[in-house]
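Down below is the structure, laid out as structure tokens.
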Amino acid sequence: MASCMTEAFHDQTALVLFSGGQDSATCLAWALSQFARVEMLGFDYGQRHAIELDCRARLIDRLKAINSAWAAKLGDSHTLAIPTLCVISDTALTRDVAIAMGADGLPNTFVPGRNLIFLTFAAALAYRRGISAIVGGMCETDYSGYPDCRDDTIRALNHALDLGMARKFELLTPLMWRDKAATWQLAHDLGGTALVDLIREHSHTCYLGERGARHDWGYGCGQCPACQLRAKGWRQYAAAAG
Ligand code: ZN
């Protein structure tokens, strides 16, 4: 097994933010390798790539087939609808407009504060379910510049949640310092070629919700920032793997 695994969380339950994309699917496998039990949480906020949510059930079913120990650990899969996020956002993820860079240097796919909102809802759910470990795919190594993906932001929010709910949460971001190629490698370390192939085929990343064209890195429009990041990472990973 890979060196990234520890016994630190062997008797605990984790709540994984699981959208059905490449990053969260890899985080789910990571959590299954670390924790005794894993629950999942997805959000429906009117995103154009709501097809991600359809991918979740297929990914979960097939993860069970890859590893029987993981099958025994998989618990409830939750979905929270937060249509308010769509109402207060004015971005290319939730409206039918072209994806472009804004004057502030951020792509217009940025939903302000989205991860703060997601993690706060996740902590509220975790609180109710007696869970302290929350796993998310935030990454500031190979990302679109979203300030709510930064490690400093996650640490600050962890502190705020601890204070605001009078609990000790642990926000875990296993992808924070990995680029996209390293995320593919992590999937391989955790579940071998079977997991890499599962994520290629059944996870969804494209901002536009395209699943028509099949590329060697999976399905997507191939043009949006998410597709371009995923494709670039795949090419680097595949070249390194030979
Ligand atoms: Zn795309």
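The values are calculated or read from the model by the stated rules, or taken from the named source; none is laboratory data. Keep in mind that this is a model prediction, so the values were computed, not measured. When we count neighbours, we look across all protein chains shown, and the Cβ atoms used for this are built from the backbone with ideal geometry, even at glycine. Accessible surface is based on the protein model in full, side chains and every heavy atom, while ligands, DNA and RNA are left aside. Shrake-Rupley method; radii C 1.70, N 1.55, O 1.52, S 1.80 Å.
Can you give the local net charge around residue 127? Use residues other than it whose beta-carbon is closer than 12 angstrom to its beta-carbon, Lys and Arg +1, Asp and Glu -1. Please report the intermediate quantities before stating the final value.
Values: positive: 128, 129, 167, 168; negative: 162.
Once all neighbours under 12 Å are counted, the net charge is +3.
Could you compute how fast the range 13-58 diffuses translationally, taking Rh as the Kirkwood radius over C-alpha pairs and applying Stokes-Einstein at 37 °C with viscosity 0.692 mPa s? Give it in µm² per second.
302
So, counting K/R as plus one and D/E as minus one, what does the shell of residues with Cβ under 11 Å around residue 146 add up to?
0
Under a plain spin-label model, where a point goes 7 Å from the Cα along Cα-to-Cβ, how far apart in nm are residue 216 and residue 128?
4.6
On a full-extension model of 0.36 nm per residue, what is the gain between residue 238 and residue 78, subtracting their alpha-carbon distance, rounded to one decimal in nm? Numbers along the way, then the final one.
Values: separation 160, 0.36 × 160 = 57.60 nm, distance 3.36 nm.
The residue 238-residue 78 span can extend by a further 54.2 nm.
Using protein chains only and a probe of 1.4 angstrom, how many square angstrom of residue 219 are accessible, to the nearest 10?
The accessible area of residue 219 comes to roughly 50 Å².
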